[in-house]
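Only one structure is covered here, and it is reproduced in the block below.
Nothing in this text is a laboratory measurement; each read-out follows from the coordinates by a stated rule. Just so it is clear, the model here is predicted, and its values are computed rather than measured. Neighbour counts run over all protein chains shown; Cβ positions are idealised from the backbone, glycine included.
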Amino acid sequence: RFAPCSAIRSSRSCSAEEMRFQVEELEVQFPYPRIYPEQYAYMVELKRSLDARGHSMLEMPTGTGKTITLLSLITSYQRAHPAMGKLLYCTRTIPEMEKVLEELKVLEAHRDELFGQDRKDKLFAVGLTSRRNLCVHERVSQQTERHLVDQHCRQLTASWVRERARGGGSGGGGSG
């Protein structure tokens, strides 16, 4: 069906079509022309954890492509096992989340190149963050404590506050 690239075991680059390979009988699409041996080994261990429905803790050094390795393997696994469910990917920082979403775009563009843009199994991703990171209101965005951000935001956006601003009565809030 496809010719896997020998780049898994060498330093040569491969075409997009070649960057489809098997990880223990699972077809994986990888969007870059080269894969490090460590990335392939990471995929093998990750797949074994998914097959066992277990937990895993895998460690790779900075800059070795953990994000795209994980996304390539897990989303390929989801395609092969639709009952698996959703992937929830958590990050500590917004830049990390943005990197994950960007890598997912690269992976989806690669799959579009391989399978066509009208394919039915496109991924849907949503990046979520807190009010503190999203609020543009000057008074709220100046707060440094999370609970104060939440409190001020609720005071500005609660339905009873909006109703009062429209002149529709004294509002709610539980005081009367």
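So if we plug the beta-carbon distance of residue 120 and residue 164 into 1/(1 + (r/R0)^6) with R0 = 45 Å, what FRET efficiency do we get, rounded to 0.05?
0.40
Counting Lys and Arg as +1 and Asp and Glu as -1, each charge on the Cβ, what is the dipole of region 25-176 about the Cα centre in debye, to the nearest 20?
I would put it at about 680 debye.
Set the Förster distance to 35 Å, then compute FRET efficiency between residue 148 and residue 84 from the Cβ-Cβ distance, nearest 0.05.
That gives a FRET efficiency of 0.30.
Straight-line reach from residue 120: which lysines fall under 18 Å, measuring Cα to Cα and dropping same-chain residues less than 8 apart?
Partners within reach: 86, 105.
Using 0.36 nm times the number of residues separating residue 27 and residue 44, minus their current alpha carbon distance, what extension gain do you get?
4.9 nm
So what are the radius of gyration and Dmax for the Cα set of region 40-96, in Å?
In Å, with Rg to one decimal and Dmax whole: 11.8, 32.
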